[in-house]
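Below is one structure, written out as C-alpha coordinates; comments come after it.
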Amino acid sequence: MEDSLKDKFKGTLFGQAIGDALGLGTEFMTKAEVEKYYPDGLADYSQIVQDCHRGRWRKGDWTDDTDMMMCIVQAIIDDGELRPLSVARNFKQWFRRGPMGIGRHTCNVLSVAEFLEKPAAVAEKVWELSGKRCAANGGVMRTSVVGLLGEDVERHAADICRLTHVDPRCVGSCAIVSLMVHSLVYKDEILPIETLVEVGNRYDKRIEPYLRMVQEDSLDALELDDESTMGYTLKTMAAGLWSLYHCSSFEEGLLAVVNAGGDADTNGAVAGSLLGARFGYEGIPVRFIEGLARKNVLEGKAESLLAVLLS
Ligand SMILES: [Mg+2]
(Lines give C-alpha, C1' and ligand atoms only; values in the text may rest on other atoms or scores of the structure.)
Protein backbone atom coordinates (compact mmCIF):
# COMPACT_ATOMS: atom_id res chain seq x y z
CA MET A 1 0.00 0.00 0.00
CA GLU A 2 1.30 3.38 -0.92
CA ASP A 3 2.33 5.34 2.16
CA SER A 4 1.10 8.74 0.96
CA LEU A 5 -2.36 7.34 0.25
CA LYS A 6 -2.52 5.77 3.70
CA ASP A 7 -1.38 9.06 5.25
CA LYS A 8 -4.19 10.93 3.53
CA PHE A 9 -6.80 8.32 4.48
CA LYS A 10 -5.86 8.63 8.12
CA GLY A 11 -5.58 12.39 7.79
CA THR A 12 -9.19 12.57 6.60
CA LEU A 13 -10.59 10.43 9.43
CA PHE A 14 -8.51 11.99 12.20
CA GLY A 15 -9.02 15.47 10.78
CA GLN A 16 -12.78 14.99 10.98
CA ALA A 17 -12.69 13.75 14.59
CA ILE A 18 -10.25 16.45 15.70
CA GLY A 19 -12.25 19.24 14.09
CA ASP A 20 -15.39 17.94 15.79
CA ALA A 21 -13.73 17.60 19.20
CA LEU A 22 -12.03 21.00 19.11
CA GLY A 23 -15.04 22.74 17.57
CA LEU A 24 -17.20 21.65 20.49
CA GLY A 25 -15.25 24.25 22.47
CA THR A 26 -16.95 27.11 20.61
CA GLU A 27 -20.18 25.46 19.45
CA PHE A 28 -23.17 27.82 19.56
CA MET A 29 -20.98 30.80 20.54
CA THR A 30 -20.89 34.10 18.71
CA LYS A 31 -17.48 35.28 17.61
CA ALA A 32 -17.58 37.84 20.45
CA GLU A 33 -18.27 35.08 22.98
CA VAL A 34 -15.40 33.04 21.58
CA GLU A 35 -13.12 36.02 22.19
CA LYS A 36 -14.47 36.38 25.72
CA TYR A 37 -13.96 32.74 26.71
CA TYR A 38 -10.72 32.30 24.79
CA PRO A 39 -8.89 35.66 24.69
CA ASP A 40 -5.89 34.10 22.92
CA GLY A 41 -8.06 31.87 20.76
CA LEU A 42 -9.08 28.24 21.22
CA ALA A 43 -6.14 26.10 20.18
CA ASP A 44 -6.28 22.99 22.38
CA TYR A 45 -8.85 20.67 23.94
CA SER A 46 -7.52 21.47 27.42
CA GLN A 47 -8.90 25.02 27.15
CA ILE A 48 -12.50 23.95 26.49
CA VAL A 49 -14.82 25.63 28.99
CA GLN A 50 -16.88 23.19 31.02
CA ASP A 51 -20.33 24.80 30.89
CA CYS A 52 -23.56 22.81 30.95
CA HIS A 53 -23.40 22.13 27.22
CA ARG A 54 -19.72 21.20 26.86
CA GLY A 55 -19.32 19.63 30.31
CA ARG A 56 -21.27 16.56 29.12
CA TRP A 57 -18.29 15.45 27.00
CA ARG A 58 -14.77 14.57 28.07
CA LYS A 59 -12.27 17.11 26.76
CA GLY A 60 -11.02 15.84 23.44
CA ASP A 61 -14.05 13.68 22.72
CA TRP A 62 -15.90 13.96 19.44
CA THR A 63 -19.67 14.41 19.16
CA ASP A 64 -22.54 13.08 17.04
CA ASP A 65 -20.92 14.23 13.80
CA THR A 66 -18.09 11.74 14.06
CA ASP A 67 -20.27 9.12 15.75
CA MET A 68 -22.39 9.07 12.60
CA MET A 69 -19.32 8.98 10.39
CA MET A 70 -18.19 5.94 12.40
CA CYS A 71 -21.55 4.28 11.65
CA ILE A 72 -20.65 4.57 7.96
CA VAL A 73 -17.11 3.32 8.59
CA GLN A 74 -18.43 0.27 10.46
CA ALA A 75 -20.89 -0.57 7.68
CA ILE A 76 -18.10 -0.54 5.09
CA ILE A 77 -15.89 -2.71 7.31
CA ASP A 78 -18.72 -5.24 7.89
CA ASP A 79 -19.94 -5.45 4.28
CA GLY A 80 -16.69 -4.85 2.41
CA GLU A 81 -18.56 -2.17 0.46
CA LEU A 82 -20.97 0.70 1.13
CA ARG A 83 -24.59 -0.44 1.51
CA PRO A 84 -26.98 2.33 2.54
CA LEU A 85 -29.34 0.06 4.48
CA SER A 86 -26.45 -1.17 6.63
CA VAL A 87 -25.56 2.43 7.39
CA ALA A 88 -29.20 3.11 8.30
CA ARG A 89 -29.16 0.13 10.67
CA ASN A 90 -26.03 1.47 12.37
CA PHE A 91 -27.56 4.95 12.65
CA LYS A 92 -30.63 3.48 14.34
CA GLN A 93 -28.59 1.37 16.78
CA TRP A 94 -26.54 4.42 17.68
CA PHE A 95 -29.71 6.49 18.10
CA ARG A 96 -31.20 3.91 20.49
CA ARG A 97 -28.27 4.43 22.83
CA GLY A 98 -29.44 8.03 23.35
CA PRO A 99 -26.55 10.02 21.89
CA MET A 100 -25.80 13.63 22.83
CA GLY A 101 -25.70 16.54 20.43
CA ILE A 102 -27.98 15.09 17.78
CA GLY A 103 -29.67 17.64 15.50
CA ARG A 104 -33.44 18.06 15.53
CA HIS A 105 -34.06 16.99 11.94
CA THR A 106 -31.89 13.88 12.29
CA CYS A 107 -33.62 13.05 15.56
CA ASN A 108 -37.06 13.38 13.92
CA VAL A 109 -36.07 11.06 11.08
CA LEU A 110 -34.39 8.41 13.24
CA SER A 111 -37.37 8.36 15.62
CA VAL A 112 -39.74 6.99 12.97
CA ALA A 113 -40.28 3.21 13.25
CA GLU A 114 -40.12 2.61 9.47
CA PHE A 115 -36.69 4.20 9.20
CA LEU A 116 -34.93 0.82 9.09
CA GLU A 117 -36.91 -0.42 6.07
CA LYS A 118 -37.20 2.77 4.02
CA PRO A 119 -34.99 5.50 5.44
CA ALA A 120 -35.06 7.86 2.46
CA ALA A 121 -38.87 7.79 2.27
CA VAL A 122 -39.06 8.62 5.98
CA ALA A 123 -36.50 11.39 5.53
CA GLU A 124 -38.52 12.81 2.64
CA LYS A 125 -41.72 12.82 4.71
CA VAL A 126 -40.04 14.65 7.60
CA TRP A 127 -38.56 17.17 5.16
CA GLU A 128 -42.00 17.76 3.59
CA LEU A 129 -43.44 18.36 7.04
CA SER A 130 -40.79 21.07 7.54
CA GLY A 131 -42.26 22.85 4.49
CA LYS A 132 -39.18 21.65 2.54
CA ARG A 133 -37.27 24.38 4.32
CA CYS A 134 -35.00 22.25 6.46
CA ALA A 135 -31.51 21.97 4.94
CA ALA A 136 -29.47 21.22 8.04
CA ASN A 137 -25.85 20.11 8.08
CA GLY A 138 -26.54 16.62 9.49
CA GLY A 139 -25.66 14.97 6.18
CA VAL A 140 -22.55 16.92 5.28
CA MET A 141 -21.06 16.49 8.76
CA ARG A 142 -20.49 12.76 8.16
CA THR A 143 -19.83 12.64 4.41
CA SER A 144 -16.01 12.88 4.40
CA VAL A 145 -15.50 9.12 4.66
CA VAL A 146 -17.53 8.55 1.49
CA GLY A 147 -14.78 10.40 -0.38
CA LEU A 148 -12.37 7.62 0.58
CA LEU A 149 -14.21 5.12 -1.62
CA GLY A 150 -12.44 4.23 -4.83
CA GLU A 151 -15.35 4.87 -7.18
CA ASP A 152 -18.90 6.22 -7.59
CA VAL A 153 -18.23 8.77 -4.88
CA GLU A 154 -20.93 11.23 -5.93
CA ARG A 155 -23.65 8.60 -6.11
CA HIS A 156 -22.69 7.11 -2.76
CA ALA A 157 -22.52 10.55 -1.13
CA ALA A 158 -26.02 11.31 -2.38
CA ASP A 159 -27.40 7.95 -1.22
CA ILE A 160 -25.94 8.27 2.28
CA CYS A 161 -27.09 11.87 2.63
CA ARG A 162 -30.64 10.97 1.61
CA LEU A 163 -30.90 8.40 4.40
CA THR A 164 -31.75 11.37 6.62
CA HIS A 165 -31.50 14.59 4.56
CA VAL A 166 -33.21 14.77 1.15
CA ASP A 167 -33.12 18.52 0.52
CA PRO A 168 -31.13 19.06 -2.70
CA ARG A 169 -28.90 21.59 -0.92
CA CYS A 170 -27.93 18.89 1.58
CA VAL A 171 -27.33 16.32 -1.14
CA GLY A 172 -25.33 18.76 -3.27
CA SER A 173 -23.14 19.81 -0.35
CA CYS A 174 -22.40 16.16 0.44
CA ALA A 175 -21.48 15.48 -3.19
CA ILE A 176 -19.14 18.48 -3.23
CA VAL A 177 -17.36 17.67 0.05
CA SER A 178 -16.99 13.97 -0.74
CA LEU A 179 -15.69 14.66 -4.26
CA MET A 180 -13.19 17.14 -2.85
CA VAL A 181 -11.95 14.61 -0.26
CA HIS A 182 -11.61 12.03 -3.01
CA SER A 183 -9.61 14.36 -5.25
CA LEU A 184 -7.29 15.40 -2.41
CA VAL A 185 -6.67 11.83 -1.27
CA TYR A 186 -6.33 10.05 -4.60
CA LYS A 187 -4.96 12.82 -6.84
CA ASP A 188 -3.51 15.37 -4.43
CA GLU A 189 -5.54 18.01 -6.26
CA ILE A 190 -7.75 20.81 -4.94
CA LEU A 191 -10.76 20.94 -7.25
CA PRO A 192 -11.34 24.44 -8.65
CA ILE A 193 -14.44 26.38 -7.63
CA GLU A 194 -15.84 26.22 -11.17
CA THR A 195 -15.87 22.42 -11.01
CA LEU A 196 -17.74 22.59 -7.70
CA VAL A 197 -20.23 25.06 -9.18
CA GLU A 198 -20.97 22.54 -11.92
CA VAL A 199 -21.54 19.82 -9.34
CA GLY A 200 -23.71 22.09 -7.20
CA ASN A 201 -25.88 23.13 -10.13
CA ARG A 202 -26.79 19.51 -10.72
CA TYR A 203 -28.64 19.67 -7.38
CA ASP A 204 -29.74 23.22 -6.55
CA LYS A 205 -28.96 26.69 -7.83
CA ARG A 206 -28.87 28.05 -4.28
CA ILE A 207 -25.50 26.33 -3.78
CA GLU A 208 -23.50 28.54 -6.15
CA PRO A 209 -23.65 31.79 -4.12
CA TYR A 210 -22.10 29.96 -1.16
CA LEU A 211 -19.33 28.62 -3.36
CA ARG A 212 -18.66 32.19 -4.51
CA MET A 213 -18.41 33.33 -0.87
CA VAL A 214 -15.62 30.79 -0.40
CA GLN A 215 -13.51 33.06 -2.64
CA GLU A 216 -13.79 36.00 -0.18
CA ASP A 217 -10.56 36.75 1.69
CA SER A 218 -12.24 36.65 5.09
CA LEU A 219 -14.30 33.90 6.64
CA ASP A 220 -16.45 36.69 8.13
CA ALA A 221 -18.44 36.84 4.86
CA LEU A 222 -20.08 33.55 5.84
CA GLU A 223 -21.35 34.91 9.19
CA LEU A 224 -20.93 31.48 10.74
CA ASP A 225 -22.11 32.72 14.15
CA ASP A 226 -25.47 34.06 12.93
CA GLU A 227 -27.91 32.35 15.26
CA SER A 228 -30.75 31.75 12.80
CA THR A 229 -28.64 30.12 10.08
CA MET A 230 -25.77 28.45 11.91
CA GLY A 231 -26.78 24.87 11.16
CA TYR A 232 -27.25 25.45 7.42
CA THR A 233 -25.59 22.82 5.25
CA LEU A 234 -24.26 25.37 2.74
CA LYS A 235 -22.54 27.38 5.47
CA THR A 236 -20.82 24.30 6.84
CA MET A 237 -19.73 23.22 3.35
CA ALA A 238 -18.44 26.71 2.58
CA ALA A 239 -16.53 27.04 5.88
CA GLY A 240 -14.68 23.81 5.17
CA LEU A 241 -13.86 24.80 1.60
CA TRP A 242 -12.74 28.25 2.70
CA SER A 243 -10.14 26.75 5.03
CA LEU A 244 -8.88 24.56 2.21
CA TYR A 245 -8.44 27.39 -0.31
CA HIS A 246 -7.06 30.03 2.05
CA CYS A 247 -4.90 28.28 4.65
CA SER A 248 -1.48 26.73 4.36
CA SER A 249 -1.58 24.20 7.20
CA PHE A 250 -4.02 21.92 9.01
CA GLU A 251 -3.71 23.95 12.18
CA GLU A 252 -4.17 27.36 10.56
CA GLY A 253 -7.29 26.22 8.70
CA LEU A 254 -8.94 24.46 11.59
CA LEU A 255 -8.28 27.22 14.13
CA ALA A 256 -9.74 29.83 11.76
CA VAL A 257 -12.96 27.85 11.46
CA VAL A 258 -13.48 26.87 15.10
CA ASN A 259 -12.68 30.35 16.37
CA ALA A 260 -15.44 31.78 14.20
CA GLY A 261 -18.07 30.16 16.49
CA GLY A 262 -21.51 29.04 15.33
CA ASP A 263 -22.05 25.34 14.67
CA ALA A 264 -18.34 24.95 15.23
CA ASP A 265 -18.10 21.22 15.92
CA THR A 266 -19.79 20.45 12.62
CA ASN A 267 -17.95 23.17 10.70
CA GLY A 268 -14.76 21.89 12.33
CA ALA A 269 -15.54 18.28 11.37
CA VAL A 270 -15.92 19.19 7.70
CA ALA A 271 -12.96 21.58 7.63
CA GLY A 272 -10.80 19.13 9.58
CA SER A 273 -11.55 16.27 7.19
CA LEU A 274 -10.76 18.37 4.12
CA LEU A 275 -7.57 19.74 5.66
CA GLY A 276 -6.58 16.25 6.79
CA ALA A 277 -7.17 14.96 3.25
CA ARG A 278 -4.94 17.71 1.92
CA PHE A 279 -2.09 17.76 4.45
CA GLY A 280 -2.31 14.13 5.60
CA TYR A 281 -1.99 12.58 9.04
CA GLU A 282 1.62 13.74 9.17
CA GLY A 283 0.42 17.32 8.77
CA ILE A 284 -1.74 17.22 11.90
CA PRO A 285 -0.12 18.56 15.10
CA VAL A 286 0.60 15.69 17.48
CA ARG A 287 -1.25 17.33 20.40
CA PHE A 288 -4.52 17.14 18.46
CA ILE A 289 -4.06 13.40 17.86
CA GLU A 290 -2.80 12.49 21.31
CA GLY A 291 -5.52 14.51 23.02
CA LEU A 292 -8.41 12.71 21.31
CA ALA A 293 -10.35 10.91 24.04
CA ARG A 294 -11.21 8.00 21.75
CA LYS A 295 -7.97 8.00 19.78
CA ASN A 296 -7.52 4.24 20.05
CA VAL A 297 -11.02 3.52 18.79
CA LEU A 298 -10.45 5.69 15.75
CA GLU A 299 -6.99 4.22 15.16
CA GLY A 300 -8.42 0.68 15.11
CA LYS A 301 -11.33 1.51 12.83
CA ALA A 302 -9.09 3.48 10.49
CA GLU A 303 -6.80 0.47 10.09
CA SER A 304 -9.76 -1.88 9.43
CA LEU A 305 -11.24 0.53 6.89
CA LEU A 306 -7.90 0.93 5.15
CA ALA A 307 -7.58 -2.84 4.89
CA VAL A 308 -10.99 -3.06 3.20
CA LEU A 309 -10.67 -0.10 0.85
CA LEU A 310 -7.07 -0.46 -0.20
CA SER A 311 -6.95 -4.23 -0.51
MG1 LIG B 1 -22.04 17.74 17.03
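The values are calculated or read from the model by the stated rules, or taken from the named source; none is laboratory data. Keep in mind it's a predicted model, so treat the numbers as computed, not measured. Glycine also receives a Cβ, built like all others from the backbone with ideal geometry; neighbour counts cover every protein chain displayed. What goes into the accessible areas is simple: the full protein's heavy atoms, side chains included, and nothing from ligands, DNA or RNA. Shrake-Rupley method; radii C 1.70, N 1.55, O 1.52, S 1.80 Å.
Given a Förster distance of 45 angstrom, what is the FRET efficiency for GLU114 paired with GLU303, based on the Cβ-Cβ distance and rounded to 0.05? Walk me through the intermediate numbers first.
Numbers: r = 35 Å, r/R0 = 0.79.
Computed FRET efficiency for GLU114 and GLU303: 0.80.
So what's the gap between the Cα centers of the stretch 160-224 and the stretch 230-272, to the nearest angstrom? Centre-to-centre (Cα) distance: 13 Å.
Its Cα gyration tensor gives the stretch 151-303 an equivalent ellipsoid. The semi-axes, each the square root of 5 times an eigenvalue, are 23, 19, 16 Å from largest down. Each Cα pair under 8 Å and six or more residues apart adds its sequence gap; the mean of these over the residue count of the chain is a relative contact order of 33 percent.
Within the chain, which cysteines find no other Cys whose Cβ is under 4.7 angstrom from their own? Here CYS52, CYS71, CYS107, CYS134, CYS170, CYS247 come out as lacking a disulfide-compatible partner, given the Cβ-Cβ threshold of under 4.7 Å. The mean accessible area for residues of the chain, using a 1.4 Å probe and ignoring ligands and nucleic acids, is 39 Å² per residue. Taken about its Cα centre, the stretch 93-187 carries a charge dipole of roughly 320 debye when the Cβ of each Lys and Arg holds +1 and the Cβ of each Asp and Glu holds -1. A 1.4 Å probe, protein heavy atoms only, puts the accessible area of MET68 near 0 Å². A simple spin-label model places the labels of GLN93 and VAL49 3.8 nm from each other, with each point 7 Å out along Cα-to-Cβ.
The portion of the accessible surface of the chain made up by carbon and sulfur, rounded to a whole percent, is 49 (1.4 Å probe; DNA, RNA and ligands excluded).
For a paramagnetic label modelled on ARG212 (point 7 Å from Cα along Cα→Cβ), amide N atoms under 20 Å away belong, within the stretch 184-201, to 192-201. Placing a pseudo-label 7 Å from each Cα along the Cα-to-Cβ vector at LEU129 and ASP3 gives an inter-label distance of 5.4 nm. Under the convention that each Lys and Arg Cβ holds +1 and each Asp and Glu Cβ holds -1, the size of the dipole of the chain around its Cα centre is about 980 debye.
Defining a contact as two alpha carbons under 8 Å apart and six or more residues distant in sequence, what relative contact order in percent does the stretch 56-212 show? Walk me through the numbers on the way to the answer.
Working: 203 pairs, mean separation 30.1, N = 157.
Averaging sequence separation for qualifying contacts and normalising by length gives 19 percent for the stretch 56-212.
Projecting the Cα atoms of ALA75, LEU24, GLY41 onto the charge dipole of the chain, computed from C-beta unit charges around the Cα centre, puts ALA75 farthest toward the positive end.
Regarding the chain, what's the average projected area of the Cα-atom convex hull, expressed in nm²? Across all orientations, the chain yields a mean hull projection of 14.1 nm². The listed residues GLU128, GLU227 rank as GLU227, GLU128 when sorted by accessible area, largest first, using a 1.4 Å probe.
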